[in-house]
Amino acid sequence: MIACLERFVHENDAESKPDDDVSSIRKSLDLQGSIESGGKTGIAVKDFGGLYSVRPLALIKPSGAEDIARVVKAASLTTHLTVAARGNGHSINGQAMAEGGLVIDMRSTEENHFKFLTVNGSPYIDVSGGALWEDVLTRCVSRFGLAPRSWTDYLSLTVGGTLSNAGVSGQAFRYGPQTSNVTELEVVTGKGEISVCSETQNPELFFGVLGGLGQFGIITRARIKLQPAPDMVRWIRVVYSEFEDFTRDAEFLVTQKEGESFDYVEGFVFANNDDPVNGWPSVPLDPDHEFDPAHIPQAAGSVLYCLEVAFHYRNGDHPSIVDTAERRLLGRLGFVRGLKFQLDVSYVEFLLRVKRAEEHAKANGIWDSPHPWLNLFVSKSDIVEFDRTVFKRMLKDGIGGPMLIYPLLRSKWDNRTSGALPGGEIFYIVALLRFVPKGPAVETLVAQNHEIVQWCIKKGLGFKLYLPHYKSKEDWKRHFGNQWTRFVERKASFDPMAILAPGQKIFKRIHHNLN
Ligand code: FAD
C-alpha cells in the first residue's frame, strides 16, 4: 500500500495516467467510498472566499470513519502526504485545501448518523461531522419538535466545519458557541485512530478538537444538545445613531437572565445614506417597511447602528403575551423612535434567513464572486476605539455587504477548547462580510483587511481573529498567546506528523514517518 501511494505521489506530476493511479490507490486503500483526481477534484480546488486555489492530489469521498482512518493512516506512511477534511468549503482563505494532498469530502458522510437519544433525561442528537446544519435543523424540528440551541447565521455549513472554529450567532450570548453545546465526538486523529471523546473520555482530544482548526482530528460524529423548538419568532430591528447607546443596550440585553431578555441578539453597522446595499435600505425586514430618514437625529455621524433581536413564541401563545414581552424589553432601550422594524416568521424560516439572502445574491451573481471577509473578536475595552477608527473612518461608506457587530460573553465559552479569545468577560464579534465583483478591487480589499489587523496590533487592541488565517509561525504564536504551548502539545499528541488541515498553515508536514 505504501509503495503504491509513494508511486502515486511521485508519478502524478509526470506523464502518468491519473486514472490508472487512482484505480490502484483505490485498490490499495480498499475504501468503501470513492477517489477522484484530475478534473474531478473541482470542489477541492476552491472555497467560498475565492481568493486561493490549490490543486490536491485527489479528492476522497469516504463512506464513513473507517475510510477516513484508512486514508489518514496511509498518508502517515508516506513522507509527504497531507489530509484536509473539507466540510462545505465555506472558508475564506483556503483552510480546507491541501496542495498536492488528499482532500476528504465530508459531505459524502452526511447521512451516516442521525440518531435521537436522551442522556439523564435531556435530549440530544448524534449527527455526522459532514452534516449541514440546515439539515440538522429541519430534521430535528420536523421529527421531534426539538432543535439545537446555538447556531450560525447561515446554515449551509457542516457540523464539523463550525465545531472546528466555534460557531457563533445571536444565541451564543446565552448558550455559548456551538462548541459549548456538544457533549461527545467521534474523531479520526492524525494517527488514523478512531476515538470517541467527551469531557470525561479522552478530554484532551475532545477539547482540543473543539475550536482546533482541524489540527487534531477529523470530526465524524457529534452529539448535540437539543431543546424544544419554538414555533414562531418575532424578529425586530431598531436603529441607533450613537455607538455608546447601541453598545449599552446590546450589553444590557446579553447580560440579562433567561426569560428577561430576547432569545437572539445581534447587530450591524450601516452607512448613513441611501445606498441600497450599505445604507438605510439594508435595515427594513420586509419590502413593505419604509426607512424614514427624517427620524435620524441631526447630529448623527457617517454610520448608524442596528440592533437586531428576536423573541421566540408558540403558536398557542396569545398575541398580547408576545406584545407585552416585546414592549417590556424594548421600552428599556434607547433606540431612535420611529426606526423600528419587525416581522413575525416561523422559527425555521428565521434560522434559514441567510438562505433567502443567498438565493437573492445568486440571482444577482454576487454569491459566487470573491469574498475577502474579515472576522474578529474585539475586547469591550477597545470597541469604542475600533468603532471610531474602523467603522466611522475607514469603512464609513460600507463594504458591499453586512458589517456585523454584537457582544458575546466569555464565561459561556469553555477555556479548555482550542479557540482563542481576547481578554475580559464581554467581547464583540466584528464580521466584515464583503461581496465584491471579481477584479482589482479584491486585492485592495484584502489589503484593507490587512491594514485593519495591523492597526489593531499597532494600537495594542485586545483582539483575536475569528476563523484566523496567518502564514507565519510568529503570527500563530501571537494569536494563541499563552495557549500556544498547549496547542503545540496537542498537535504532538494527536497529529505528530502534521498531516491534518494543512490549509491552516500552522504546522509544516514532518517529512518522515514515525513508524
Ligand atoms: P470548511 O470551510 O470546509 O472547513 C473549515 C476548516 O475546518 C478546515 O480547516 C477544514 O479542514 C476543517 N474541517 C472541516 N470539516 C471538518 C471535520 N469534520 N473535522 C475536523 N475538521 C474539519 N461562522 C460562524 O461562526 N457564524 C456565522 O454566522 C457564520 N456565517 C457564515 C456565513 C457564510 C455565508 C459563510 C460562507 C461562512 C459563515 N461562517 C460563520 C463561517 C463558517 O463557520 C466557517 O467558514 C466554517 O469553517 C465553514 O464550515 P464548512 O463546513 O464549510 O468548513
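Okay, here's what the table says:
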read-out	value
Where the stretch 232-465 is the region considered: accessible area per residue in Å², 1.4 Å probe	44
Stokes-Einstein D in µm²/s, Kirkwood radius over Cα pairs - the stretch 114-228 at 20 °C with 1.002 mPa s viscosity	154
Calculated Rg and Dmax of the stretch 430-472 using C-alpha coordinates, Å	11.8, 33
Projected label distance in nm at ARG55 and ALA361, using a 7 Å step from Cα toward the beta-carbon	2.9
Unit charges on C-beta of K, R, D, E only; dipole of the stretch 114-228, Debye	260
Residue-averaged [θ]222 nm for the chain, counting only DSSP H segments that reach four residues, each worth -39500 (n - 2.57)	-8500 deg cm²/dmol
Sulfur and carbon atoms: percent of accessible area, the stretch 114-228 [1.4 Å]	47
Förster-model FRET efficiency, 22 Å R0, TRP484 and ILE510, C-beta, rounded to 0.05	0.75
C-alpha long axis of helix 65-76 to longest principal axis of the chain, angle in °	60
Residue among GLN342, SER261, MET497 farthest towards the positive dipole end of the chain, charges placed on Cβ	MET497
Among 362-369, 375-382, the order from most to least packed when residues are scored by Cβ within 10 Å on average	375-382, 362-369
Accessible surface of the stretch 232-465, 1.4 Å probe, proportion on carbon and sulfur as whole %	52
Where the stretch 474-515 is the region considered: accessible area per residue in Å², 1.4 Å probe	51
Packing-based ranking, highest mean first, of 388-401, 419-432, 78-91 given that Cβ atoms within 10 Å are counted	78-91, 419-432, 388-401
Average accessible surface area per residue within the stretch 114-228, 1.4 Å rolling probe, Å²	28
Local electrostatic count at ARG107 - Lys and Arg +1, Asp and Glu -1, tallied over other residues with Cβ under 12 Å	-2
Segment HIS295-LYS40, extension gain: residue separation times 0.36 nm, minus the distance between their alpha carbons	86.3 nm
Percentage, to the nearest whole number, of Cα pairs in the chain over 46 Å apart	12
For the chain, size of Cβ-based charge dipole, Lys and Arg +1, Asp and Glu -1, in debye	1100
Among THR118, SER198, PRO228 the positive-end extreme of the charge dipole of the chain (Cβ point charges)	SER198
Whole-angstrom gap from the stretch 50-128 to the stretch 462-502, using each part's C-alpha centre	20
Residues GLU385 and ASP286, FRET efficiency given R0 of 30 Å [Cβ-Cβ distance, rounded to 0.05]	0.25
Contour minus Cα-Cα distance for SER346 and ASP317 (0.36 nm per residue)	9.1 nm
Packing-based ranking, highest mean first, of 160-169, 302-311, 326-335 given that Cβ atoms within 10 Å are counted	160-169, 302-311, 326-335
Viscosity 0.692 mPa s, 37 °C: Kirkwood-radius Stokes-Einstein D of the stretch 232-465 over Cα pairs, µm²/s	174
Number of Lys pairs (Cα under 26 Å; 8 or more positions apart or on different chains) in the stretch 232-465	23
Volume in Å³ per residue [convex hull over Cα atoms, computed for the stretch 212-269]	180
Farthest positive-ward along the chain dipole, Cα basis, beta-carbon charges - from ASN449, LEU157, VAL283	ASN449
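The values are calculated or read from the model by the stated rules, or taken from the named source; none is laboratory data. In this text, all values refer to a predicted model and were calculated from it rather than measured experimentally. Positions of Cβ are backbone-derived with ideal geometry, glycine not excepted, and every protein chain shown enters the neighbour counts. Areas reflect the complete protein model, heavy atoms only, side chains present, ligands, DNA and RNA absent. Shrake-Rupley method; radii C 1.70, N 1.55, O 1.52, S 1.80 Å.
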